[in-house]
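Colleague: Dropping a structure here in structure tokens format, bear with me for questions.
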Number of protein chains: 2
Amino acid sequence: MNAKEKILNAALLLYNEQGIRNITTRHIAASIGMSGGNLHYHFKHTEDIIKALFNELALAYDGLMIDVHSALLDLDAMAFLTETSFKLVNKYRFIFINFVEIGKWIPEIREAYDQLTRKREQQFLNLFDDLIAKGIFRDDIPSSNKQGLVKQFFITNDFWLSHNELTDQYQDEKALKAYRNAIDVLLWPYLKHHQT
Amino acid sequence: MNAKEKILNAALLLYNEQGIRNITTRHIAASIGMSGGNLHYHFKHTEDIIKALFNELALAYDGLMIDVHSALLDLDAMAFLTETSFKLVNKYRFIFINFVEIGKWIPEIREAYDQLTRKREQQFLNLFDDLIAKGIFRDDIPSSNKQGLVKQFFITNDFWLSHNELTDQYQDEKALKAYRNAIDVLLWPYLKHHQT
DNA sequence: TCAAATTTAGAACATTTGTTCTAAATTTGA
DNA sequence: TCAAATTTAGAACAAATGTTCTAAATTTGA
């Protein structure tokens, strides 16, 4: 592991654990026994560290979309997408907890995430249509409702972790389970066998 | 308006506009032509300002619950609760945008909000039962689903504003309208006249 | 009215932060 | 092998921050 990777690993760990508000480049450097001067040789500005970590996240989401293209689109695919995304949110939790502030601070991150989300939303709309075509979802969903459902999906995806921190503070797998269930509840009324 | 109120008004305005990250007690004082020393005479610590603003918010939510107790419980009541709550979120937007970090920084705020949310959730569960009893909602909703629906409700309530900042960035009334619609979509499948 | 209480401005402080600079140590590769 | 490129530690700096201190101005109320 080279110096840059060490810095990014340490930064992710500290930001996630203690919050962006309480961690400085000096803390990050100290936590891996590196001098502050050296850290700033590798990342001239603090925001370059944030950018690099966000790029990791964005790259993971890109990979997720390629995977799905070549996969069967059914309820299992939906569960897989949800699960994988939830785990990414959890891995880069400090980003999601501070997303609005980070986006204001580093506008290119906000724009990149906005673009990414638009692509993923389209992917989910297609997935829904497939599920309707296959007779898994009810076929009487107004298209405006489909878009609304996708929106709900993404609000939950991006902020389930924040909601958990504010309320139940479930740990690890327990938290994932609770919000996986929230997604199931969202889909429940759209399943065909509940229609009648 | 006394000095304390002036400070709180200015703080709310600046935090909302520029983000908690970029505003210090000096900025707040300067914005109302007050010395920093004087500001700290009225609020010894920065967090006392945040606490006072959060108390305003919590008080408004308390009032909202008393209102509902003496009101008719129907779809209009639900719309009223949603509308009023959305406007509170908008008024105290900096709190919701930084809720997790603020909660970590000032634990009593997190605890107070957790308690408040639990009470409001119970209120919504009662409201749902009323809507079922009155034949407005379908009567075949599993109780675990009711709780899940309430959870969705609160995730959207607390984070619609953050989601909007990250994506569409609708302004004012337009944003309220978009996410009012998201709530409607959430309820749509539970309305009785959509059951068949 | 006038002494006590309060509010106020502004200087002062210790700390922290992001960043830069310098010079030494280490690594690279021809 | 050894000169050039790189990485590194640590000092240094200016700016900002939260908070405190002091002394003056203002307000209060008996």
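Please treat every number below as a calculation from the coordinates, not as lab data. Just so you know, these numbers come straight off a predicted model, no measurement behind them. Reconstructed Cβ throughout: ideal geometry from the backbone, glycine too, with neighbour counts over all protein chains shown.
Colleague: Calculate for chain B the 222 nm mean residue ellipticity that helices alone would give, adding -39,500 (n - 2.57) per DSSP H run of length 4 or more and normalising by residue count, nearest 500 deg cm²/dmol.
Modeller: -25000 deg cm²/dmol
Colleague: Around B:PHE137, which amide H atoms from residues at least 5 apart in sequence, or from another chain, sit under 5 Å from its own amide H, with H modelled in the peptide plane?
Modeller: When sequence neighbours closer than 5 places are left aside, the close amide H contacts are B:ILE132, B:LYS192.
Colleague: If each label sits 7 angstrom from Cα along the C-beta direction, how far apart, in nm, is B:ALA77 from its counterparts in the other copies?
Modeller: Label-point distances to the other copies, shortest first: 4.3 nm.
Colleague: Oh, and also: Quantify how strongly other chains surround peptide B:15-24 by giving the mean number of their Cβ atoms within 10 Å of each of its Cβ atoms. Intermediate results must be reported in sequence, preceding the final value.
Modeller: Details: counts 0, 0, 0, 1, 5, 2, 7, 3, 0, 0.
Mean shielding count: 2.
Colleague: Using only the alpha carbons of segment B:27-93, determine the length spanned along each of the three principal axes and report them from longest to shortest in whole angstroms.
Modeller: Cα extents, longest axis first: 52, 18, 15 Å.
Colleague: So which of A:LYS6/A:LYS177; A:LYS4/B:LYS151; A:LYS4/A:LYS91 end up more than 29 Å apart by C-alpha?
Modeller: In this structure, A:LYS6/A:LYS177; A:LYS4/B:LYS151 exceed 29 Å between Cα atoms.
Colleague: Taking Rh as the Kirkwood radius computed over C-alpha pairs, what is the Stokes-Einstein D of the protein assembly as shown at 37 °C in a medium of viscosity 0.692 mPa s, expressed in µm² per second? Could the numbers behind the result be given before it?
Modeller: Values: Rh = 22.7 Å.
Estimated via Stokes-Einstein, D reaches 145 µm²/s.
Colleague: What whole-number value in cubic angstrom gives the convex hull volume per residue for the C-alpha atoms of chain B?
Modeller: Normalising the Cα hull of chain B by residue number yields 132 Å³.
Colleague: Hey, another quick one. Where in chain B are the helices, taken as whole DSSP H runs, whose Cα atoms extend 20 angstrom or more along the long axis and whose Kyte-Doolittle mean reaches at least 0.0?
Modeller: Taking the DSSP H segments of chain B (at least 20 Å long, mean hydropathy at least 0.0), we get B:46-69, B:75-91.
Colleague: Next question. Taking a label point 7 Å from the Cα of B:ALA133 along the Cα→Cβ vector, which residues of segment B:65-106 have an amide N closer than 13 Å to it?
Modeller: Hits in segment B:65-106 for B:ALA133 at 13 Å: B:72-74.
Colleague: Hey, another quick one. Please work out the FRET efficiency for the pair B:LYS4 and A:ILE32, using the Cβ-Cβ distance as r and a Förster radius of 51 Å; give the result to the nearest 0.05. Before the final figure, lay out the partial values.
Modeller: Values: r = 45 Å, r/R0 = 0.89.
Given R0 = 51 Å and the Cβ-Cβ separation, E is 0.65.
Colleague: Right, something else. Where a Cα-Cα gap under 15 Å defines reach, which aspartates and glutamates qualify for A:LYS134, not counting those fewer than 8 residues away within the same chain?
Modeller: The qualifying aspartates and glutamates are A:ASP74, A:ASP76.
Colleague: Taking a label point 7 Å out from Cα toward Cβ, give me the nm distances from A:LYS134 to the same spot in the other copies, shortest first, one decimal.
Modeller: Result for A:LYS134, in nm, nearest copy first: 4.0.
Colleague: Let me ask another. Please work out the C-alpha center-to-center distance from segment B:164-192 to segment B:1-57 and express it in whole Å.
Modeller: Going from one Cα centre to the other spans 31 Å.
Colleague: Still on this model: Taking each residue in A:101-108, count the Cβ atoms of any other chain within 10 Å of its Cβ, then average. What number comes out? List each step's numbers first, then the result.
Modeller: Working: counts 10, 2, 5, 6, 3, 0, 0, 0.
The mean count of partner-chain Cβ atoms within 10 Å per residue comes to 3.
Colleague: Please report, in cubic angstrom per residue, the volume enclosed by the convex hull of the alpha-carbon atoms of segment B:35-143.
Modeller: Hull volume over Cα atoms, normalised by residue count, gives 121 Å³.
Colleague: Follow-up question, since we're still on this one. Between A:GLN115 and A:HIS45, what's the calculated FRET efficiency when r is the beta-carbon distance and R0 is 25 Å? Round to 0.05.
Modeller: It comes to 0.60.
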